[in-house]
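Asker: Quick one: structure below, then a few questions.
The values are calculated or read from the model by the stated rules, or taken from the named source; none is laboratory data. Being a predicted model, the structure only gives us computed values, none of them experimental. Ideal geometry is used to build each Cβ from the backbone, glycine not excepted, and the neighbour counts take in all protein chains shown. Note: accessible area is taken over every heavy atom of the protein model, side chains too, but ligands, DNA and RNA are not part of it. Shrake-Rupley method; radii C 1.70, N 1.55, O 1.52, S 1.80 Å.
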Amino acid sequence: MTDANALNRRFVVLISGQGSNLQQIVTEAQAGQWPLEVVRVISNRADAPGLAWAQAQGLPTAVVCHHDYDSRQDFDDALAKVIEKDRPDYVLLAGFMRILTAGFVAQFKSRLINIHPSLLPAFTGLNTHARALEAGVGWHGCTVHFVTESLDHGPIIAQAALAVDRSASVQTLAERVLRLEHMIYPRVVQWLAQGRVRLDESNQVHIQGVAQPHIWSQL
Ligand code: GAR
């Protein structure tokens, strides 16, 4: 490892599908020469398109398939072992569609970050865009947050919002929100890589040089 690499913060990225957030992060990090290294991309699905993309980029990859384990606990234990081998500073959930056990979350406390396709705390869980349309919300968006034990909750690092068009379909809304995800997740990763994000004892997020709240909006 060169001296320059030694200064890089180490990121493991967990994906289950397309990996478009992963791609955006890696592409921007390379272009901006951020002080980070994606030390491994791990998927719970061997056929995840994002995994093939990572392999094509020459990134180290691994598959930990949830079907190979009898319980959620066993899967999370195996996953944690694979992750810890690479000694990551941060573990990014980027479309990783598994509910994690409390033990796993505790093991990676303050190192585990997620992106969720809604303005949390609204619409935790699945089918966020359909539920936002059904609820008739005026604003929708996405959130990057530290992960805590309760699903899709935790200290918010950044959000991006858009005004919902009354004629939107689930598909068009999902596409617009994904574009916002591609704006904010790389930004957060850049801050993390630069050592600018701090979580205090009261679980408040502080970002050096960035005024709060960290929200982007698109009308
Ligand atoms: C993204 O929209 C992400 O917010 C969502 O999965 C998609 C993954 O897209 N994650 C969740 O719903 C987690 N609760 P990608 O694989 O193209 O990055």
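Asker: If you scan region 113-146, which residues turn out to be in a helix (DSSP H, G or I) and near the ligand (Cβ under 10 Å from one of its atoms)? Break it down stepwise before answering.
Answerer: Initial filter on region 113-146 (in a helix (DSSP H, G or I)): 128-135.
If the condition is that a residue be in a helix (DSSP H, G or I) and near the ligand (Cβ under 10 Å from one of its atoms), then 128, 129 are the ones that fit.
Asker: Which of the residues spanning region 107-152 are on the phi > 0 side of the Ramachandran plot, among the aromatic types (Phe, Trp, Tyr) and in contact with a strand residue (DSSP E or B) (Cβ under 7 Å, 6 or more places away or on another chain)?
Answerer: Passing the criteria: none in range.
Asker: Still on this structure, I have one more. Name the one entry in 52, 46, 106 that is at pLDDT 95 or above, more than 10 Å from the ligand (Cβ to nearest atom), among the hydrophobic types (A, V, I, L, M, F, W, C) and closer than 29 Å to residue 195 by Cβ. I'd like the intermediate steps shown before the answer.
Answerer: Working: 52 fails: closer than 29 Å to residue 195 by Cβ; 46 fails: closer than 29 Å to residue 195 by Cβ.
On inspection, the qualifying residue turns out to be 106.
Asker: Any residue at all in region 103-112 that's over 22 Å from residue 205 (Cα atoms) and either open to solvent by 60 Å² or more (accessible area, probe 1.4 Å) or within 17 Å of the chain's Cα centre (by Cα) (or both)? Walk me through it before giving the result.
Answerer: Looking only at region 103-112, we keep the residues that are over 22 Å from residue 205 (Cα atoms), and these are 103.
Next cut, either open to solvent by 60 Å² or more (accessible area, probe 1.4 Å) or within 17 Å of the chain's Cα centre (by Cα) (or both) only: none.
The answer is no; no qualifying residue exists.
Asker: Here is a further query. Could you tell me which residue of region 20-43 is farthest from the ligand (Cβ to nearest atom), considering only residues that are among the hydroxyl-bearing types (Ser, Thr, Tyr) and open to solvent by less than 60 Å² (accessible area, probe 1.4 Å)?
Answerer: Kept after step one, since they are among the hydroxyl-bearing types (Ser, Thr, Tyr), are these residues of region 20-43: 20, 27, 43.
Next, from what is left, pick out any that are open to solvent by less than 60 Å² (accessible area, probe 1.4 Å): 20, 43.
On the way: 20: 3, 43: 10 Å.
Once the filter is applied, the top-ranked residue is 43.
Asker: When you scan region 164-185, how many residues do you find that are more than 13 Å from the ligand (Cβ to nearest atom) and either touching a residue at least 60 places away in the same chain (Cβ under 8 Å) or open to solvent by 30 Å² or more (accessible area, probe 1.4 Å) (or both)?
Answerer: To start, the set of residues in region 164-185 that are more than 13 Å from the ligand (Cβ to nearest atom) comprises 164-169, 172.
After this cut, where a residue has to be either touching a residue at least 60 places away in the same chain (Cβ under 8 Å) or open to solvent by 30 Å² or more (accessible area, probe 1.4 Å) (or both) as well, the list is 165-167, 169, 172.
So the answer is 5.
Asker: Contact list please: Cβ distance under 8 Å, first residue in region 78-105 and without any contact (Cβ under 8 Å) to a residue 60 or more places away in the chain and over 21 Å from residue 18 (Cα atoms), second residue of a type in the set (Ser, Thr, Tyr) and open to solvent by 60 Å² or more (accessible area, probe 1.4 Å), pairs at least six apart or on different chains.
Answerer: From region 78-105, the pairs are 78/69.
One line per residue, one yes/no per condition, for (1) closer than 15 Å to residue 25 by Cα; (2) more than 17 Å from the chain's Cα centre (by Cα):
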residue	(1), (2)
49	no, no
56	no, yes
62	no, yes
66	no, yes
71	no, yes
74	no, yes
89	no, no
92	yes, no
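Asker: How many residues, within region 175-214, are closer than 30 Å to residue 130 by Cα and more than 18 Å from the chain's Cα centre (by Cα)?
Answerer: Counting residues in region 175-214 that are closer than 30 Å to residue 130 by Cα and more than 18 Å from the chain's Cα centre (by Cα) gives 2.
Asker: One residue is enough: does region 182-200 have a residue meeting the conditions of a type in the set (A, V, I, L, M) and more than 28 Å from residue 99 (Cα to Cα)? Reasoning before the result, please.
Answerer: Keep residues of region 182-200 that are of a type in the set (A, V, I, L, M), which gives 183-184, 188-189, 192-193, 197, 199.
Add one more test, that the residue is more than 28 Å from residue 99 (Cα to Cα), and what stays is none.
For region 182-200, residues of a type in the set (A, V, I, L, M) and more than 28 Å from residue 99 (Cα to Cα): absent.
Asker: Kindly check whether there is at least one residue in region 6-19 that is surrounded by 14 or more Cβ atoms within 10 Å (Cβ to Cβ), within 24 Å of residue 98 (Cα to Cα) and free of Cβ contacts under 8 Å to residues at least 60 places away in the same chain. Quick ask: steps written out before the conclusion?
Answerer: Residues of region 6-19 that are surrounded by 14 or more Cβ atoms within 10 Å (Cβ to Cβ), as a first pass: 8-19.
Among the residues that remain, those that are also within 24 Å of residue 98 (Cα to Cα) are: 10-19.
So of that shortlist, the ones also free of Cβ contacts under 8 Å to residues at least 60 places away in the same chain come out as none.
No, region 6-19 has no match at all.
Asker: Sticking with this one: Residue check: is residue 126 in contact with a Cys (Cβ under 8 Å, 6 or more places away or on another chain) and within 30 Å of residue 165 (Cβ to Cβ)?
Answerer: It is false that residue 126 is in contact with a Cys (Cβ under 8 Å, 6 or more places away or on another chain) and within 30 Å of residue 165 (Cβ to Cβ).
Asker: Out of the residues in region 186-210 meeting the condition of being over 21 Å from residue 148 (Cβ atoms) and of a type in the set (A, V, I, L, M), tell me which one is least open to solvent (accessible area, probe 1.4 Å).
Answerer: Ranking the qualifying residues of region 186-210, first place goes to 193.
Asker: In region 147-163, how many residues are in a strand (DSSP E or B) and either of a type in the set (S, T, N, Q) or open to solvent by 10 Å² or more (accessible area, probe 1.4 Å) (or both)? Step through it out loud before you land on a result.
Answerer: Here is the first cut: in region 147-163, the residues in a strand (DSSP E or B) are 156-163.
Narrowing the set further to residues that are either of a type in the set (S, T, N, Q) or open to solvent by 10 Å² or more (accessible area, probe 1.4 Å) (or both) leaves 156, 159, 163.
Number of matching residues: 3.
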